[in-house]
Amino acid sequence: MLVIGELINGMYKAVGKAISERDKAVIEKIAGEQVAAGAGMLDVNTGPYEKNPKDAMKWLVETIQGACDVPLSLDSTKADVIEEGLKLVKKKAMINSTNADDEKLNTILPLAKKYNTSLIALTMDKKGIPRDKHERMEHAVKIITKCQEAGFDLNDLYLDPIILPVNVAQAQGAEVLESIKEFKLLCTPAPKTVVGLSNASQGTKQRPLINRVYLVMAIANGLTAAIMDPLDKDLMDAAITAELVLNKNIYCDSFLSAYRKK
Ligand code: THG
């Protein structure tokens, strides 16, 4: 599974402060720690309060690439903010994200093709968050069709069923998990899937436990990537072990450290 480190996000107080003060050392440290812990990609989000998100995105991409060499997932609702980052990336990037709206797809798909990126597509539209797996499937079909029409390689598409916090939308957990499984039946090659895992536990008092159990269940349903906290060692161990049980890695007594080394 692809681990996308979630920690470079202005939503976190300390990170938001570092971004607004353009404090390189803080960002370099968080980038390096996430990669050392096993992140294969880093999510980059300037956060909701940044006054100049285009400039912040540029600065973040430059700063992170100075500290490590994994590819980046550029996380913004604004296409122009994402493009500022795309102009600078050294490795094949991920656009995070489009949704199923025509206007959004018509803007983001050309951008993804121009810069040869992967693409996360949220299975929602401007009418809001889907209520069940059927609505998620409808959005997924629309997104896949638009990708095919645009000549966008489906190998580069990651569908996001959108995880909601279990304390306010408890019924959505099962809908998300079933969507992860059923999206794969929609086309060949099967679309990849991604979730923003920490959404699941926002506002709860058992964050690590909820994240861990949710991730293992999602992996069992075929999840390909997760935006998550790679510094949560128990979470990483759970992911590695889930893939072992699914026979994706060969067993040895030291499988946790063996997997980390590769
Ligand atoms: N799908 C996609 N992208 C996403 C999300 C998604 N990007 C953003 C988010 N969701 C995933 N990243 C995070 C990052 C942090 C948290 C949750 C998801 C988080 N932050 C603490 C909180 O809100 O409680 C911040 C606390 C603090 O200030 O320290 O939980 O779903 N495609």
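Bear in mind these aren't lab numbers, they're just calculated from the coordinates by the rules spelled out. Source: prediction; values computed, not measured. Methodologically, a virtual Cβ is constructed for each residue, glycine included, from the backbone with ideal geometry; neighbour enumeration extends over all protein chains shown.
DSSP assigns beta bridges within the range 105-240; of those with both partners inside it, close to 10 percent run antiparallel.
What is the extension gain from N106 to K91, computed as 0.36 nm multiplied by their sequence separation minus the C-alpha to C-alpha distance, in nm to one decimal?
So the extension gain works out to 3.0 nm.
If you plug the beta carbon distance of L244 and L154 into 1/(1 + (r/R0)^6) with R0 = 30 Å, you get a FRET efficiency near 0.60.
Take every DSSP beta bridge with both residues inside the chain and express the antiparallel ones as a percent of the total, to the nearest 5. Roughly 5 percent of the DSSP beta bridges within the chain come out antiparallel.
Under the combined filter of DSSP loop state and at most 16 neighbouring Cβ atoms within 10 Å, the range 80-112 retains these trypsin sites (Lys or Arg not before Pro): K87, K90, K91, K92. Over the chain, with a Gaussian network built from C-alpha contacts below 10 Å, which listed residue (T224, T145, T193) shows the highest mean-square fluctuation? For the chain, modelled as a Gaussian network with Cα springs under 10 Å, the answer is T145. Of all aspartates and glutamates in the structure, the ones whose alpha carbon falls short of 20 Å from that of K261, not counting any fewer than 8 places away in one chain, are E33, D69, D229, D232, D234, D237, E243, D253.
Stretching T77 away from R131 to a fully extended chain increases their span by 17.3 nm, per 0.36 nm per residue minus the current alpha-carbon distance. So which of K91/K127; K51/K181; K90/K181; K126/K184; K13/K91 end up more than 31 Å apart by C-alpha? Violating the 31 Å limit, Cα to Cα: K91/K127; K51/K181; K90/K181. Using the Cβ-Cβ distance between T188 and K261 with R0 set to 35 Å, the FRET efficiency from 1/(1 + (r/R0)^6) comes to roughly 0.55.
In this simple spin-label model, placing a label point 7 Å from the Cα along the Cα-to-Cβ direction at both C252 and K114 gives a separation of 4.7 nm.
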